[in-house]
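This report concerns only the one structure given below.
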Amino acid sequence: MPELEKKIQHLLKTIKEYNPKADLGLIELAFLFAKQAHDGQKRLTGEDYIHHPLATAQMLADMKLSPNIIIAGLLHDVPEDTKYTLEDITKNFGEEVATLVEGITKLGNIKYRGIERYIENLRKMFVAMAKDTRVILIKFADRYHNLKTLYALPRDKQIRIASEVLEIYAPIANRLGMYEMKGKLEEESFKYLYPKEYNWLKGLVEKQLKTKEIYLDEIIAFVKKELKEEGIEYLEVKGRVKQLYSLYAKLLEHDKDINRVYDFVAIRIIVQDIPTCYAVLGIIHKKMKPLKGRIKDYIAQPKPNGYSSLHTTVFTVDGEIIEIQIRTKEMEEEAEYGIAAHWHYDEKGSLIPSKKIKWIDELTKWQKELSENEKYLENLKIDVFNDRIFVFTPKGDVIDLPKGATPIDFAYYVHTDIGAQCTGALINNHIASLNSPLKSGDVIEIITDKNRKNPSADWLKFVKTSVAKNKIKSALAKRTLIEKFLKK
Ligand code: MN
């Protein structure tokens with residue numbers, strides 16, 4: 001069977017397993033549509049383009065998502081890169097799929113430009129623009145496959161895309177409780193952003209694992225035996241190695257000494273229900289002495305983003321230190337798929353949590369906050385980054401202004417009085433006229449005269465921001481009023 005045929009069959013098989021009622025014919029149709037639309041296009045890896053949307057769809061199917069999300073995954077690059085339009089998609093696959101594809105196309109325009117102050121805004125903007133969390137999931141799958149094939153891109157693009165993932169995508173995945181996704185995204189971008197550190201750490205971990213693996217197997221066998229003897233039924237006992245990126249972050253806290261990172265390797269015990277979790281914890285502590293202050297009950301008190309599990313760090317019989325994580329299958333799935341874990345079988349894919357979950361509330365609140373502040377959002381549209389400039393105060397604070405903004409706009413942005421008392425300006429330490437247009441990266445210093453009381457009406461001819469305009473106008477109006485009053 002040709003490779004592509006194998007891949008589509010695998011996709012259909014995956015979907016059928018968790019959703020026997022899904023219309024596989026329609027999914028196959030979407031695949032054929034995308035294949036035809038991208039016909040002749042190649043990825044930089046040399047592969048036919050269709051492999052990319054297909055990989056995206058496969059990842060969504062692995063998350064057990066609904067057919068429309070998978071179809072949108074297959075079609076996600078069609079309007080942007082081919083002659084087919086959103087209308088074509090609506091006609092063939094319906095309004096819902098088209099809306100999802102439109103959302104992904106829009107998100108594609110948000111680009112990281114390395115301005116730290118704006119990262120949080122960028123994240124909020126990302127979530128606000130996605131509106132529908134399903135769009136975020138498709139975007140994640142899309143981006144993850146792009147990361148996997150990043151080696152084919154030029155170095156500057158690798159850095160841009162990897163920074164974007166580390167600064168924007170990964171924190172959002174975390175916020176959505178998608179730990180697995182967060183870990184995968186971080187791991188891949190870490191490799192490109194810090195190649196030296198990545199390789200050093202990879203070597204270190206491999207060496208460390210060689211010595212740890214044997215004893216990890218021994219402890220797993222030991223734990224299984226003890227649980228059996230106590231009559232506890234477990235679903236799985238497995239070893240897990242900490243992801244390199246989060247390990248790196250921990251190492252920096254501990255003088256790069258891997259022996260001080262206790263959860264470098266951990267054993268994870270998956271059981272049927274919550275009472276069994278606590279029973280297992282009791283048995284573990286009976287057999288292996290716990291380290292003081294390292295018992296964490298995230299079942300009674302889940303992390304804000306919903307993470308639940310029991311953690312404990314213990315001394316093994318050989319005197320080694322190891323972390324043990326105990327959780328139910330449900331908790332395991334939640335940690336893996338986060339928000340997605342709750343809509344497996346919801347055909348509409350709408351966000352109806354099976355139980356009240358705090359972090360979903362928080363996310364909703366976060367989104368509500370954003371949509372309530374419509375005006376703020378207006379100013380945060382994506383093209384904001386094309387027609388805005390970023391300048392600095394002498395202290396290094398970043399101030400964003402519209403293109404063409406002048407020292408007067410800058411002065412009023414900093415403070416009304418500084419605007420009104422402005423008599424001159426230094427741009428990059430050079431005297432400049434008050435109507436000079438500023439450029440991104442300029443350092444602006446405003447010269448003021450404390451005795452000056454009023455702005456000049458001439459300024460209205462060149463200021464660009466409405467803040468400056470309004471403040472100048474109101475100061476001038478006040479002056480006219482006072483003059484009239486004095487004349488009388
Ligand atoms: Mn794509």
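Show me the helices (runs of 4 or more DSSP H) found entirely inside the stretch 393-488 where at least 2 residues are open to solvent by less than 50 Å² (accessible area, probe 1.4 Å) and among the small types (Gly, Ala, Ser).
416-420, 466-487
Among the residues in the stretch 227-237, are any surrounded by 12 or more Cβ atoms within 10 Å (Cβ to Cβ) and in a helix (DSSP H, G or I)?
There is at least one residue in the stretch 227-237 that is surrounded by 12 or more Cβ atoms within 10 Å (Cβ to Cβ) and in a helix (DSSP H, G or I).
Quick one: which of ALA22, ALA30 is in the same structural domain as LEU60 (by TED's automatic domain parsing) and either under 30 Å from LYS157 (Cβ atoms) or not in a loop (DSSP other than H, G, I, E, B) (or both)?
Working: ALA22 fails: either under 30 Å from LYS157 (Cβ atoms) or not in a loop (DSSP other than H, G, I, E, B) (or both).
It is ALA30.
For (1) open to solvent by less than 70 Å² (accessible area, probe 1.4 Å); (2) at pLDDT below 90, each residue gets a yes or a no:
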| residue | (1), (2) |
| --- | --- |
| LEU281 | yes, no |
| LYS292 | no, yes |
| GLN325 | yes, no |
| TRP343 | yes, yes |
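Would you confirm whether or not the stretch 227-242 contains a residue that is free of Cβ contacts under 8 Å to residues at least 24 places away in the same chain, on the phi < 0 side of the Ramachandran plot and in the same structural domain as ARG327 (by TED's automatic domain parsing)?
Checked against the condition, which is being free of Cβ contacts under 8 Å to residues at least 24 places away in the same chain, on the phi < 0 side of the Ramachandran plot and in the same structural domain as ARG327 (by TED's automatic domain parsing), the stretch 227-242 yields at least one hit.
Please enumerate the residues belonging to the stretch 283-324 that are free of Cβ contacts under 8 Å to residues at least 24 places away in the same chain and among the small types (Gly, Ala, Ser).
Passing the criteria: GLY293, ALA300, GLY319.
Considering only residues that are modelled with pLDDT of 95 or more, open to solvent by 20 Å² or more (accessible area, probe 1.4 Å) and of a type in the set (A, V, I, L, M, F, W, C), look in the stretch 29-64 and name the one that is nearest to the ligand (Cβ to nearest atom).
The selected residue is ALA55.
Assess whether LEU251 counts as being out of contact with any helix residue (DSSP H, G or I) (no Cβ under 8 Å at 6 or more places or on another chain) and open to solvent by less than 60 Å² (accessible area, probe 1.4 Å). Talk me through it step by step, then tell me what you get.
On the way: out of contact with any helix residue (DSSP H, G or I) (no Cβ under 8 Å at 6 or more places or on another chain): no; open to solvent by less than 60 Å² (accessible area, probe 1.4 Å): yes.
So LEU251 does not fit the description; no.
Collect the residues in the stretch 262-286 that are of a type in the set (Lys, Arg) and over 18 Å from GLY239 (Cα atoms), keeping them in residue-number order.
Hit for the stretch 262-286 is LYS286, nothing else.
The values are calculated or read from the model by the stated rules, or taken from the named source; none is laboratory data. What you are looking at is a predicted structure, and each value in this text was computed from that prediction instead of being measured. Because the Cβ atoms are built from the backbone with ideal geometry, glycine has one as well, and the counts that use them run over all protein chains shown. Surface accessibility is based on the protein's heavy atoms, side chains included, excluding ligands, DNA and RNA. Shrake-Rupley method; radii C 1.70, N 1.55, O 1.52, S 1.80 Å.
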